[in-house]
Every structure is written in C-alpha cells, then in structure tokens.
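The next block holds one structure in the form of structure tokens; read it before the comments.
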Amino acid sequence: MLWPDAIRKNIKTGPDREIVSVYPYRSACPKSVWRNLIGNANKELTFAGYTNYFLWLELPNLRTVLRRKAERGCRIRFLIGDPESDVTRRREEVENVPLKVSTRIRITLDELSKLAGTPGIEARYGDEHVAMSVFTFDDQMLVTPHLAHLVGHDSPMLHVQRCQDDGLFDRFAYHVTELWEAGREVETATITS
C-alpha cells in the first residue's frame, strides 16, 4: 500500500522510529525524563559520559536510587574520563571554563566512593568517549554528541528507544560496549582518595 506523503511525514516507519525526542541542548531535556528513565530501568543503567557530574547535581537522591537498583539486580556502570589523562587536559584547554573537566570527573569519583562495595555498581576509565555521551536505561538511551568547544549541556541530545536490530539504539550500544571493554577499572582506592 502506498501511503500519502502527509501520512509518511507524520508516522515514523523506518529507522527514525527509534527516535523518541530531540533536544537542541542536553540541558533542555526535562529532569523528569532522566528520573523516569532511571526509575523505570530494571536490568541496566550505563552512564558513559566523560564526567557525569551533572547527574549528581540535577537528580536528588541519585546515590540512594542507584544503590536500591543495584540491590534489586540492576547492573549499573559508569564510564568516565581519567582526571589525570592528556585527553582530559586537552579538553580543559578547549572548553576553557572555570569548572575544569578533571574537577567534574572528581565529583563523580567522590559520589561513586560513597557507593563503593555495592555489588552491581562498576566504574571504568576511558578517554575515547570525550566527544559523545551515551546513557542507557534498559532499552532506551540518551545520546549527546558533543559539539566543538562546547560543554555537554550546550550540545544536542537524542532520546532513542530500541525498536529493531541494528538500528540507532544497537549502533550506540555497540559503541558503549567497545568503550567499556577497553576501559580501565576504577579501583576503590582511587575512588576514595
């Protein structure tokens, strides 16, 4: 059946059906979206943002929520940049903002230190994702491609849900899996120092 152009333009029928929403800025995404995605996830939460610091500032009681999720069997992973790496230092020069990238990473490390020893919560360093953040909530994700010279909250964001094999969701999930496998474990001693 051939559909009229008006219907094709208003009903997603191809790979774009995996796109739930688009935000011109990550900061334009309502906090309720983050809370709902985190709250509704039961199997996996992956935070593959270079610093992830904004999560702790924007989402009250995140630490408690993550601990409860992990206790109920949800796998929780944080992939963050190494605060001491050359990649981090170069990014600080590019961004040229007072709240340094390394400081933002250390905020996350401090919060993770308070979750140390909780089974199901893991953290790794990886520097290859400095240009894109991917946050996974079971079969949904938020993806932020970082624009040149801008911090994450000033970059656009896509809300994607898995609807098909080898679609956008699977492509971004592949990216996160590759980065996770190449990452270096954040040691408890490092987290608490």
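Here Leu66 passes the criteria (1) out of contact with any strand residue (DSSP E or B) (no Cβ under 7 Å at 6 or more places or on another chain); (2) open to solvent by less than 30 Å² (accessible area, probe 1.4 Å) except the one numbered (1).
If only one of Asp170, Asp110 is acidic (Asp, Glu), farther than 20 Å from Leu59 by Cβ and not in a loop (DSSP other than H, G, I, E, B), which one is it? Answer to the selection: Asp170.
Cβ contacts < 7 Å: first residue under 13 Å from Arg75 (Cβ atoms), restricted to region 171-182; second residue surrounded by 12 or more Cβ atoms within 10 Å (Cβ to Cβ), any location; separation 6+ or different chain. Result? Close Cβ pairs satisfying both conditions: Val176/Thr46; Val176/Ala48; Val176/Val134; Val176/Thr136; Trp180/Arg77; Trp180/Leu79; Trp180/Arg124. Looking across region 128-137 at every residue that is without any contact (Cβ under 8 Å) to a residue 60 or more places away in the chain and either under 14 Å from Gly183 (Cβ atoms) or in a strand (DSSP E or B) (or both), the one that is most open to solvent (accessible area, probe 1.4 Å) is identified as Glu128. The number of residues in region 39-55 being open to solvent by 10 Å² or more (accessible area, probe 1.4 Å) and assigned to a helix (DSSP H, G or I) comes to 4.
Residue pairs whose Cβ atoms lie under 7 Å apart, separated by 6 or more positions or on different chains, with the first residue in region 14-40 and without any contact (Cβ under 8 Å) to a residue 60 or more places away in the chain and the second of a type in the set (Asp, Glu) and open to solvent by 40 Å² or more (accessible area, probe 1.4 Å), are Lys31/Glu58.
The values are calculated or read from the model by the stated rules, or taken from the named source; none is laboratory data. Source: prediction; values computed, not measured. Cβ sites come from the backbone with ideal geometry, for glycine too, and all protein chains shown count toward neighbours. Just the protein is used for accessible areas: all its heavy atoms, side chains included, with ligands, DNA and RNA removed. Shrake-Rupley method; radii C 1.70, N 1.55, O 1.52, S 1.80 Å.
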